[in-house]
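Colleague: Can you keep this structure in mind? I'll have questions shortly.
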Amino acid sequence: MTSLATLIPIALFLGLCSLGTFFWALRGGQFDDLEGAANRILIDEEPGERP
Amino acid sequence: MNAVVPIVDEPLSETVLVVPGMHCAGCMAKVERGLEQMPAVARARVNLTARQVRVAHHPDVSVPDLVAALEAIGFASQPRSEELGARPSAVKPLLAPLAVAGFAAMNVMLLSVSIWSGAEGGTRWLFHWLSALIGVPATAYAGWPFFASAWSALRRLRTNMDVPISIGVLLATALSLYETVTGGHTAWFDGTLMLLFFLLAGRTLDAMMRDRARAGVDALLRQAAPGAMVLTPGGKLEWLGAASLAPGMLMRVAAGERLAADGAIVSGRTALDQSLLTGESAPVRAEPGQAVHAGTLNLDAPIDVRVTAAGADTSLAEIARLMEAAGQARSAYVRIADRAARLYAPAVHSLALASFIGWMLMGAGAYQSTVIAIAVLIITCPCAIGLAVPVAQVVACGALMRAGIMVKDGSALERLAGVDRALIDKTGSLTLGRPVPDAAALAVLSERERGIALALASHSRHPLSRALADALIVGGHFPAALEDVREVPGYGVRGLWQGMPVALRRPEVAGRMAVALHVTDWPVRLIGFTDALRPDCCEALAQLTALGVQSSILSGDNAGAVAEVARLTGLTGQASASPRDKTDAIHRLQNGGHFVLMVGDGLNDGPALAAADASIAPGTASDVGRQAADVVFLGDSLSALPRAVRAARATLQVVRQNFALAVGYNVLAVPLAVLGHVTPLIAAVAMASSSILVIANSLRLARVA
C-alpha cells in the first residue's frame, strides 16, 4: 500500500509533465507547420552556416 | 537562429509574404537563405503549410525590396493582405483535446486494470476517486468538440453523429460519478475516455485532409494585383493600392505586371495573357480601345489603361462571388457518417429505453435498470463507427497520392463515388493547355537553325519561346553562341550569330499560333504551335464510360476549336460558355437527378468546379482551379479521372463494410448488455477490438489506386 501511495502520485506527475510539455509546444507554434517540419530535415546546412 | 544581426539597437519590423510557388524543402531553403543574405534581414522563417514566409527585418527595408529579392531567386510573392489572413487550421483545435483524452485514457486504464484484477475495499474506493478526478475534467475538456456540435444540431432539431456520442458519454460519466460517490462496484471512466480518444483520432485524421484544402476564394483574390502605377493629372506617376483605384484613373502597366482593375487601353499595343480569366493560354493581342480585365498579365509592352471598374466591381471579383455562392450549395452535402447516425442514433436510444422499461417491468429497481440502460448505450456507442469513415478515406487518399492524385478531403471521395456525368473543359483539361511546337516544323530545320532558335528562345519568358526552348532541349539540342541578344517588346528576340543578325519574332501574317525564325540570308522558317490533346485522353474517356460516367465537353473556347476536339474524342460539346453558363449547365444536370463531375483548370472554371458534386483539376491548373477542385492530379495522363472514380467507389464499399463490422460487433454485445452482463472490462475489450477490426479492414485500401 505504501508503495502505491508514492508510485501513483509519481506516475500522475510524470504524465501531467508530458501533457504540460505538449501544451507548451502547441502554444509555442510547433504544430503550426507540420508539412514544413517534415520537409525541413531535407535541407542541407551549408558548411559554416549557423554553427 | 544565431544569424548575425547587423543592426540590433532598433526594433525589427515583421512582414509576412505569401509565396505560392514553394512546395519542397529546396524551395524553403532557397527562400530562407535568399532573404537572410540581405544585410537588413535578421530572420526569415517559412511556413510551408500556409505557403508564407515571416521576415523579421530592419524597418528601413520596404516590402517591395523583399518582393524583389524573392523575385531575383525565382519566387513570385505578395504581401499578405490582412483581410485574407491565414484560414484557421482545422487540426489545431483538435490536438489539445486529443492529447488530454490520450493522457487521461492511459492513466485511468492503468487504474482500471487493477480494479478488474480484483482490487477491493479501500483500494477500489481510492482508485475510483482518482479515476473520477482525472476522468471528469478530461471528459469535459476532450468531449467539448462533440458536445458543442451535438448541441448546435439539436438546437436546429436535427441529429448527427455527435448526438448519440454526447448522450452516451455524458450519461456514462454521470453514472460513474454516482457509483464513485456511493462506493459502488463499477465505474466506466476508462471506457468513455477511450471512446473520446478514438473518436478524436478519427476526427483529427479527417481534419488533416481538410486542412490541405484551402478555399478557392482567397487564392483568387490573391491573384489580383495589389495596386498599380497611376498617372496623375499633373503628369506624375504614383503607386496606388488596388483599394484606392477608382473609375476614370489612368494606370500605367509595365510588361510582366498584372492589371489591378478592369479598364480600356488608351495607348500602347501589347499581348495579354488572359489564362487566369479564360483558361486559354495563347497570348491575345491588345490595341487601344480594347477592354481589359483585372488579373490579366501584360506580356509585351507597357500600356496605359483607363480604369472602368475597380475593387468589388471587376469581373475577377464577380467570379469570386459566383464561386462563393456555388461553394455554399455544396456545403449542404451531408457526410456519410452523419447519414448513418440518422438511422443509428434513434435505434440505439430506443433500445436503451426499451431495456430500461423492460427491467423496470420485470421488477428490478430504478437504479439497476438505469445501470443496464447505460451499459447498452456504452456498448453501442459508435466508437468503431467514428473510425469507420476517416481511416478508410485516409488510407485511400494516401494510395491515390502515391499515384499522383491529390484528394483534398474525405467528403470529396464520398461525392466522387456517386458521380454519373462528367463535364470536361477543353483547354488544359482535355488538352495539355500549353502550346507545343509542331514536330514537322522542327524537323525541317537544320541543326544550326535549331541551335540558334534554342539560344534565342531561352532569352525570353514569352510562353511560345519557353515552349520552343523546352521542346528543343528535350530533343537533345544545344544552344548556339549568340552575342548582343535583346528582347524587343511586341516583336521578339534578336541577336548576332557569327556576326549575322538573327531573330525569333512574331510572324507578319497573323493566324494560328506561330513564331518566325529569321536568320539573315536564309529563308524565314515558320514554326507553328498547337495545343495537343493529352496522350491517353480517348482511352481514359472510354474507361469513364465503362464506369457508367457519361462525359461531354464544356468549354469557354470558340465553337470551331471545340468542334475539332469533339471530333477527335467523340464527345458532344458546348462552346463559348461563360463561367455563369457553366454553372447553369451543371445545375440543369443536377436538377435532372444527375451527380456531376466537373473537370477544369482555368479561373473561368472556378465557379463550375465549386458548383459540381465533385471536381477534378490538373496540376497545371490556375491557382483558383486547383483550390476550387476536390482532386488535383499531377502529370499529363488523363487516366487519373477513371482511377480516382474507381478508388472513390472502392473506398465507399470499404466504408460500408466497416459500418457493417462495427454494427455487427455491437449486435453481438448488445444481448449481453440488455441482459445486464456487461462489465466495464467487456466494454473496453469490445471497443478496442472492433476499432482494430475496422482499421485492419481499411488498410486493404492501401493498394486501391
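The values are calculated or read from the model by the stated rules, or taken from the named source; none is laboratory data. Since we're looking at a predicted model, the values are computed, not measured. Ideal geometry is used to build each Cβ from the backbone, glycine not excepted, and the neighbour counts take in all protein chains shown. Each accessible area value is taken on the protein alone, full model and side chains, heavy atoms only, with ligands, DNA and RNA left out. Shrake-Rupley method; radii C 1.70, N 1.55, O 1.52, S 1.80 Å.
Colleague: Between B:G248, B:G289, B:G268, B:G279, which is at positive phi, at pLDDT 75 or above and surrounded by 14 or more Cβ atoms within 10 Å (Cβ to Cβ)?
Modeller: Values: B:G248 fails: surrounded by 14 or more Cβ atoms within 10 Å (Cβ to Cβ); B:G289 fails: surrounded by 14 or more Cβ atoms within 10 Å (Cβ to Cβ); B:G279 fails: at pLDDT 75 or above.
Step by step, each of B:G248, B:G289, B:G268, B:G279 is checked, and only B:G268 is at positive phi, at pLDDT 75 or above and surrounded by 14 or more Cβ atoms within 10 Å (Cβ to Cβ).
Colleague: Let me ask something else about it. Can you tell me which of (1) in a loop (DSSP other than H, G, I, E, B); (2) more than 11 Å from every other protein chain (Cβ to nearest Cβ) is the one B:A119 doesn't meet?
Modeller: (2)
Colleague: A follow-up question, please. Quick check on region B:125-144: of everything there that is under 16 Å from B:R203 (Cα atoms) and surrounded by fewer than 19 Cβ atoms within 10 Å (Cβ to Cβ), which residue is nearest to the other protein chains (Cβ to nearest Cβ)?
Modeller: Per the stated criteria, the residue is B:Y141.
Colleague: Would you mention how many residues in region B:563-586 are in contact with a strand residue (DSSP E or B) (Cβ under 9 Å, 6 or more places away or on another chain) and either buried (at least 16 other Cβ atoms within 10 Å of the Cβ) or more than 13 Å from B:K426 (Cβ to Cβ) (or both)?
Modeller: Step one: of region B:563-586, the residues in contact with a strand residue (DSSP E or B) (Cβ under 9 Å, 6 or more places away or on another chain) are B:563, B:565-566, B:568-569, B:571-575, B:577, B:581-582, B:585-586.
Narrowing further to those that are either buried (at least 16 other Cβ atoms within 10 Å of the Cβ) or more than 13 Å from B:K426 (Cβ to Cβ) (or both): B:565-566, B:569, B:571, B:573-575, B:577, B:581-582, B:585-586.
Residues that pass the stated criteria total 12.
Colleague: Right, B:L110: within 14 Å of chain A (Cβ to nearest Cβ) and in contact (Cβ under 8 Å) with a residue 60 or more places away in the chain or not?
Modeller: Numbers: within 14 Å of chain A (Cβ to nearest Cβ): yes; in contact (Cβ under 8 Å) with a residue 60 or more places away in the chain: no.
No: the conditions fail for B:L110.
Colleague: Take B:G592 and tell me if it is out of contact with any helix residue (DSSP H, G or I) (no Cβ under 9 Å at 6 or more places or on another chain) and at pLDDT 90 or above. Before you say what the answer is, go through the steps one by one.
Modeller: Numbers: out of contact with any helix residue (DSSP H, G or I) (no Cβ under 9 Å at 6 or more places or on another chain): yes; at pLDDT 90 or above: yes.
It is true that B:G592 is out of contact with any helix residue (DSSP H, G or I) (no Cβ under 9 Å at 6 or more places or on another chain) and at pLDDT 90 or above.
Colleague: Would you mind stating whether B:F103 is more than 13 Å from chain A (Cβ to nearest Cβ) and in contact with a helix residue (DSSP H, G or I) (Cβ under 9 Å, 6 or more places away or on another chain)? Quick ask: steps written out before the conclusion?
Modeller: On the way: more than 13 Å from chain A (Cβ to nearest Cβ): no; in contact with a helix residue (DSSP H, G or I) (Cβ under 9 Å, 6 or more places away or on another chain): yes.
Spelling it out, it is not the case that B:F103 is more than 13 Å from chain A (Cβ to nearest Cβ) and in contact with a helix residue (DSSP H, G or I) (Cβ under 9 Å, 6 or more places away or on another chain).
Colleague: Out of B:G241, B:G216, report the one residue that is at pLDDT below 85 and more than 30 Å from B:A608 (Cβ to Cβ).
Modeller: Details: B:G216 fails: more than 30 Å from B:A608 (Cβ to Cβ).
None of the other options fit; the residue is B:G241.
Colleague: Which condition does B:A148 not pass, out of (1) within 14 Å of chain A (Cβ to nearest Cβ); (2) surrounded by fewer than 16 Cβ atoms within 10 Å (Cβ to Cβ); (3) under 21 Å from A:F23 (Cβ atoms), if it passes all the others?
Modeller: Of (1) within 14 Å of chain A (Cβ to nearest Cβ); (2) surrounded by fewer than 16 Cβ atoms within 10 Å (Cβ to Cβ); (3) under 21 Å from A:F23 (Cβ atoms), only one is false for B:A148: (1).
Colleague: In region A:10-19, which residues are open to solvent by less than 80 Å² (accessible area, probe 1.4 Å) and more than 10 Å from chain B (Cβ to nearest Cβ)? Lay out the reasoning, then the answer.
Modeller: Here is the first cut: in region A:10-19, the ones open to solvent by less than 80 Å² (accessible area, probe 1.4 Å) are A:11-12, A:15, A:17-19.
The answer is A:C17, and nothing else.
Residue-wise test of (1) buried (at least 19 other Cβ atoms within 10 Å of the Cβ); (2) among the aliphatic types (A, V, I, L, M); (3) within 41 Å of the chain's Cα centre (by Cα); (4) under 30 Å from B:R525 (Cβ atoms).
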residue	(1), (2), (3), (4)
B:A364	no, yes, no, no
B:V395	yes, yes, yes, no
B:G410	yes, no, yes, no
B:R421	yes, no, yes, no
B:V444	no, yes, no, yes
B:L464	yes, yes, yes, yes
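Colleague: Also: For region B:409-495, which helices (runs of 4 or more DSSP H) that fit wholly inside it have 1 or more residues that are within 30 Å of B:A255 (Cα to Cα)?
Modeller: Passing ranges, in order: B:439-443, B:447-457, B:463-474.
Colleague: From the residues in region B:296-314 that are out of contact with any strand residue (DSSP E or B) (no Cβ under 6 Å at 6 or more places or on another chain) and small (G, A, S), which one is surrounded by the most Cβ atoms within 10 Å (Cβ to Cβ)?
Modeller: B:A310
Colleague: In the list B:S114, B:S89, which residue meets the criterion of being surrounded by fewer than 17 Cβ atoms within 10 Å (Cβ to Cβ) and either modelled with pLDDT under 85 or farther than 26 Å from A:D32 by Cα (or both)?
Modeller: Values: B:S89 fails: surrounded by fewer than 17 Cβ atoms within 10 Å (Cβ to Cβ).
Answer to the check: B:S114.
Colleague: Name the residues in region B:385-410 that are within 15 Å of B:D206 (Cβ to Cβ) and not β-branched (V, I, T), would you? Can you show your working first?
Modeller: So in region B:385-410, the residues within 15 Å of B:D206 (Cβ to Cβ) come out as B:385-398, B:407-410.
If the condition is that a residue be within 15 Å of B:D206 (Cβ to Cβ) and not β-branched (V, I, T), then B:G386, B:L387, B:A388, B:P390, B:A392, B:Q393, B:A396, B:C397, B:G398, B:K408, B:D409, B:G410 are the ones that fit.
Colleague: Just checking, does region B:348-362 include any residue being surrounded by 20 or more Cβ atoms within 10 Å (Cβ to Cβ), under 37 Å from the mean Cα position of the chain (by Cα) and assigned to a helix (DSSP H, G or I)?
Modeller: Yes, because at least one residue in region B:348-362 is surrounded by 20 or more Cβ atoms within 10 Å (Cβ to Cβ), under 37 Å from the mean Cα position of the chain (by Cα) and assigned to a helix (DSSP H, G or I).
Colleague: Another one. Provide a single number: the residues in region B:1-46 that are at pLDDT below 80, facing chain A (nearest Cβ under 10 Å) and buried (at least 19 other Cβ atoms within 10 Å of the Cβ).
Modeller: Count: 1.
Colleague: Residue by residue through region A:20-40, note down the ones that are at the interface with chain B (Cβ under 8 Å from one of its Cβ atoms) and at pLDDT below 85. Talk me through it step by step, then tell me what you get.
Modeller: So in region A:20-40, the residues at the interface with chain B (Cβ under 8 Å from one of its Cβ atoms) come out as A:22-23, A:26, A:31-36, A:39-40.
Within region A:20-40, A:F31, A:D32, A:D33, A:L34, A:E35, A:G36, A:N39, A:R40 qualify.
Colleague: When residues of region B:169-196 are filtered for being surrounded by fewer than 24 Cβ atoms within 10 Å (Cβ to Cβ) and aromatic (F, W, Y), how many remain?
Modeller: 1
Colleague: Here's another thing I want to ask about it. Looking at (1) part of a loop (DSSP other than H, G, I, E, B); (2) of a type outside the set (G, A, S); (3) in contact with a helix residue (DSSP H, G or I) (Cβ under 8 Å, 6 or more places away or on another chain), which is the only condition B:L504 fails?
Modeller: Here B:L504 meets the rest and fails (1).
Colleague: Based on what the data block shows, is B:L456 buried (at least 21 other Cβ atoms within 10 Å of the Cβ), out of contact with any helix residue (DSSP H, G or I) (no Cβ under 6 Å at 6 or more places or on another chain), over 30 Å from B:L547 (Cβ atoms) and outside the structural domain of B:R588 (by TED's automatic domain parsing)?
Modeller: Numbers: buried (at least 21 other Cβ atoms within 10 Å of the Cβ): yes; out of contact with any helix residue (DSSP H, G or I) (no Cβ under 6 Å at 6 or more places or on another chain): yes; over 30 Å from B:L547 (Cβ atoms): yes; outside the structural domain of B:R588 (by TED's automatic domain parsing): yes.
It is true that B:L456 is buried (at least 21 other Cβ atoms within 10 Å of the Cβ), out of contact with any helix residue (DSSP H, G or I) (no Cβ under 6 Å at 6 or more places or on another chain), over 30 Å from B:L547 (Cβ atoms) and outside the structural domain of B:R588 (by TED's automatic domain parsing).
Colleague: Working only within region B:251-265, note down all residues that are outside any loop (DSSP other than H, G, I, E, B) and surrounded by 15 or more Cβ atoms within 10 Å (Cβ to Cβ).
Modeller: Residues of region B:251-265 outside any loop (DSSP other than H, G, I, E, B): B:251-253, B:258, B:262-265.
Answer for region B:251-265, where residues must be outside any loop (DSSP other than H, G, I, E, B) and surrounded by 15 or more Cβ atoms within 10 Å (Cβ to Cβ): B:M251, B:R252, B:V253, B:R258, B:D262, B:G263, B:I265.
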